[in-house]
Amino acid sequence: MTNLSKKVLIIDYGLGNLFSVTQALINIGVNVKTTSNPDEIESADAIVLPGVGAFKDAMNNLKDLNLIDSIKKSIDSGKPFLGICLGLQLLFSESEEFGVTKGLDIVKGKVKRFSNNNQEGEIRKVPQIGWNQISKINGKSWDYTPLNDIKEGEFMYFVHSFYVEPEEPVGLSQTNYDGHSYVSSIQKGNIFACQFHPEKSGHKGLKVYKNWAEINNLKRN
């Protein structure tokens, strides 16, 4: 039985990696469309917030396009929400990028920059670019989450200089970058968001998208 009525909208606010995310979701059988229309976002069955770029620019763009209230209303309504990279960071209370910038404040916590030196005082390359592992936080199960059937220590693709530091117990996976362990994905109710790019992470990344779609009954068949 087809499921064409489900509308999954990718929010276009001028800073997203829209094409690759769209193609990945189409590839796993999701009926998807990009939009910057607040009314369409509120009427969607699920929303995706991708992002590459500066936190402050992103918040300014969301404000200028009148998208902030629509995003918050959609999440409050309980519809599935997927955040990717900057789309994860924007959920948080504030970022220290270019001074302090207020975020959507849906998840309590801050967005911080990797220090330029590791614990041994050696230079840490910032941004982190490339493959790195994700692991469970205190043995927390990934069953019935978008990370279901992803093995402990699986490699995903990262591109970022900033990381999230939640003040709530929302962490789903963690990653260690040159001695610094940080939360690399979160789950809070209907929200799943990750710092890594599933669409750039090969078949295991597509599995994350597929799990998210299946858990929320978003696939066409």
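The values are calculated or read from the model by the stated rules, or taken from the named source; none is laboratory data. In this text, all values refer to a predicted model and were calculated from it rather than measured experimentally. With ideal geometry, Cβ positions are generated from the backbone for all residues, glycine too; neighbour counts draw on all protein chains shown.
Run Gln119 past the list (1) modelled with pLDDT under 95; (2) surrounded by 18 or more Cβ atoms within 10 Å (Cβ to Cβ); (3) not basic (Lys, Arg) and report the number of the one that doesn't hold.
(2)
When the residues of segment 205-221 are filtered to those that are touching a residue at least 12 places away in the same chain (Cβ under 8 Å) and surrounded by fewer than 17 Cβ atoms within 10 Å (Cβ to Cβ), which remaining residue is nearest to the chain's Cα centre (by Cα)?
The residue in question is Leu206.
Tally time: how many residues in segment 15-58 are of a type outside the set (A, V, I, L, M) and more than 20 Å from Lys72 (Cα to Cα)?
The number of residues fulfilling the criteria is 9.
May I ask you to list the residues in segment 73-93 that are surrounded by 18 or more Cβ atoms within 10 Å (Cβ to Cβ), in a strand (DSSP E or B) and either in contact with a strand residue (DSSP E or B) (Cβ under 6 Å, 6 or more places away or on another chain) or not β-branched (Val, Ile, Thr) (or both)?
Those that are surrounded by 18 or more Cβ atoms within 10 Å (Cβ to Cβ), in a strand (DSSP E or B) and either in contact with a strand residue (DSSP E or B) (Cβ under 6 Å, 6 or more places away or on another chain) or not β-branched (Val, Ile, Thr) (or both): Phe81, Leu82, Gly83, Phe92.
I'd like to check something: does segment 128-139 contain any residue that is more than 29 Å from Val32 (Cβ to Cβ) and without any contact (Cβ under 8 Å) to a residue 12 or more places away in the chain? Can you show your working first?
If we filter segment 128-139 for residues that are more than 29 Å from Val32 (Cβ to Cβ), which is where we start, we get 135-139.
Retained after the next criterion (residues that are without any contact (Cβ under 8 Å) to a residue 12 or more places away in the chain): 138-139.
Within segment 128-139, one or more residues are more than 29 Å from Val32 (Cβ to Cβ) and without any contact (Cβ under 8 Å) to a residue 12 or more places away in the chain.
If the Cβ limit is 6 Å and pairs must be 6+ apart or interchain, which residue in segment 87-108 that is aromatic (Phe, Trp, Tyr) pairs with which residue that is surrounded by fewer than 22 Cβ atoms within 10 Å (Cβ to Cβ) and part of a strand (DSSP E or B)?
As it stands, the answer is Phe92/Gly109, since those pairs meet every condition given.
Could you figure out which of (1) touching a His at 6+ places or on another chain (Cβ under 6 Å); (2) touching a residue at least 40 places away in the same chain (Cβ under 8 Å) isn't true of Arg113?
It fails just one condition, (1).
Inside segment 53-72, can you point out the residues that are of a type in the set (Gly, Ala, Ser) and in a loop (DSSP other than H, G, I, E, B)? Before you say what the answer is, go through the steps one by one.
Step one: filter segment 53-72 for residues of a type in the set (Gly, Ala, Ser), giving 53-54, 58, 70.
Hits for segment 53-72 are Gly53, Ala54.
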